[in-house]
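The values are calculated or read from the model by the stated rules, or taken from the named source; none is laboratory data. Everything numeric here is computed off the predicted structure, so don't read it as measured data. Ideal geometry is used to build each Cβ from the backbone, glycine not excepted, and the neighbour counts take in all protein chains shown.
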Amino acid sequence: MPSKLRIGLVGCGRIAQLIHLRVLAGLPDAELIALADAEPARLQEAQAQVRSARSFADYRELYEHGQAEAAVICLPSQLHAEAAVAAFRRGLHVYVEKPLATTLEDGTSVLQSWRSSGRVGMVGFNFRLHPLYQTARTALQEGRIGLVVGVVAVFSSAAHVLPAWKHDPRTGGGVLLDLASHLVDRARFLFEQEVQEVSAALRSVRTEADSASVHLRLANGILVQGFLSMSTIEEDRIEIYGDAGKLAFDRYRSTGLDVVPPRVWEGRAARLRRCLAVMGQAPRRSWSQLVPPRDPSFRAALEKFVQAVRTGQPTRPDIKDGLRSLGVVLALEEAARTGQTVRVASIDP
């Protein structure tokens, strides 16, 4: 393998323009050598950012060109599976944005192609690699708040112009495939448990099914309540309740975990320690709200993918994680459609 991993970017839409082009062009161990998009204007915009990359109107042409060793797939959700399967069959390593697919059948096809290829396959659940989620997982493993009882999470984005395919769940849009995919994966990551049953309610504010209230029950009994929306404010907040305290943070606004004791009335020494801790964090918190830091998890995820390819080591979140998240999201869609609590089908790839 040459000193740098040669990567082709498949799909040059909004997320690629905001994140992937910049990150991939800046990775020291990777070289973005090719771009593919069916929309000439988007392709031209991407080409202006990475002038050395070769352009293709069809990702199949990029694959057949034979110069790329890996594909980063940022297409509309309904095309993820098709592009990933084709890449694995060409012997490419694949990083595919979530969701892995829009049907369980297509997701299973990606899994089978990945296994047959022997290549690295990674799904874009980048928030697993955010420092706050990493720290929270460690705190949970250390028992900082005792036995976890339940979780309340809000994951929402500000209203913005969406591509046509995101207006309709039938074409891969809707808040469940878009944001609940992350919520499900983070629950699996933080608590190391599978989701057993779900319920959900949807609301259409600006586009169809762009907001949702969801409930998950994990295998060990943990209850997760989530509000998801693509039509309100940017927020990614989680509160984890245990029998010995609470962990809380907001990915956009927190500089660290907020650890809350189980009782309101604390001893004088404990109150003093908490006051000093809050005072010490105040300057950092105020500055971070005025100048929010750029989310490091996107770069961390793509770096992890590149290093996995270069070292030949397996990595996560992998295609199995993508399929398990998809299974839960499809159960949420059924629950919203029927108004019933739905048991998640067992997926043991």
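Tell me, which residue of the range 92-112 that is β-branched (V, I, T) and part of a strand (DSSP E or B) is surrounded by the most Cβ atoms within 10 Å (Cβ to Cβ)?
So the residue we want is V94.
For R119, which of the numbered conditions (1) within 30 Å of E239 (Cα to Cα); (2) touching a strand residue (DSSP E or B) at 6+ places or on another chain (Cβ under 7 Å); (3) in a loop (DSSP other than H, G, I, E, B) fails to hold?
Only one criterion in (1) within 30 Å of E239 (Cα to Cα); (2) touching a strand residue (DSSP E or B) at 6+ places or on another chain (Cβ under 7 Å); (3) in a loop (DSSP other than H, G, I, E, B) is unmet by R119, namely (1).
Given the conditions (1) assigned by TED's automatic domain parsing to the domain that holds L24; (2) surrounded by fewer than 16 Cβ atoms within 10 Å (Cβ to Cβ), and given that E303 satisfies all but one, which numbered condition is not satisfied?
Here E303 meets the rest and fails (2).
Restricting attention to the range 326-349, report how many residues are in a helix (DSSP H, G or I), out of contact with any strand residue (DSSP E or B) (no Cβ under 8 Å at 6 or more places or on another chain) and either aliphatic (A, V, I, L, M) or closer than 28 Å to G118 by Cβ (or both).
Result for the range 326-349: 4.
Kindly indicate which of E64, E69, E82 is in contact with a Lys or Arg (Cβ under 7 Å, 6 or more places away or on another chain) and among the acidic types (D, E).
E69
Taking the conditions exactly as written (surrounded by 14 or more Cβ atoms within 10 Å (Cβ to Cβ), within 19 Å of V342 (Cα to Cα), in contact (Cβ under 8 Å) with a residue 60 or more places away in the chain and among the acidic types (D, E)), does D185 satisfy them or not?
yes
Only one of these is under 18 Å from the mean Cα position of the chain (by Cα) and either over 30 Å from V260 (Cβ atoms) or not assigned by TED's automatic domain parsing to the domain that holds E208 (or both): L132, L100. Name it.
L100
Exactly one of these conditions fails for R203: (1) closer than 28 Å to P76 by Cα; (2) within 20 Å of the chain's Cα centre (by Cα). Give me its number.
(2)
Condition (residue is in a helix (DSSP H, G or I) and within 21 Å of the chain's Cα centre (by Cα)) applied to the range 44-66: is it met by at least one residue?
The answer is no, given that none of the residues of the range 44-66 is in a helix (DSSP H, G or I) and within 21 Å of the chain's Cα centre (by Cα).
Just one of R89, R119, R115 is buried (at least 17 other Cβ atoms within 10 Å of the Cβ) and outside the structural domain of V148 (by TED's automatic domain parsing); which is it?
Sole residue among the options that is buried (at least 17 other Cβ atoms within 10 Å of the Cβ) and outside the structural domain of V148 (by TED's automatic domain parsing): R119.
Give the range 323-342 a look and list any residue that's closer than 17 Å to A180 by Cα and either under 20 Å from the mean Cα position of the chain (by Cα) or loosely packed, with under 13 Cβ neighbours inside 10 Å (or both), or say none.
Matches in the range 323-342: L323, R324, S325, L326, G327, V328, V329, L330, A331, L332, E333, R337.
Looking at the range 23-41, which of its residues are surrounded by 15 or more Cβ atoms within 10 Å (Cβ to Cβ) and either hydroxyl-bearing (S, T, Y) or modelled with pLDDT of 95 or more (or both)?
V23, L24, L27, A30, E31, L32, I33, A34, L35, A36, D37 - these are the residues of the range 23-41 that are surrounded by 15 or more Cβ atoms within 10 Å (Cβ to Cβ) and either hydroxyl-bearing (S, T, Y) or modelled with pLDDT of 95 or more (or both).
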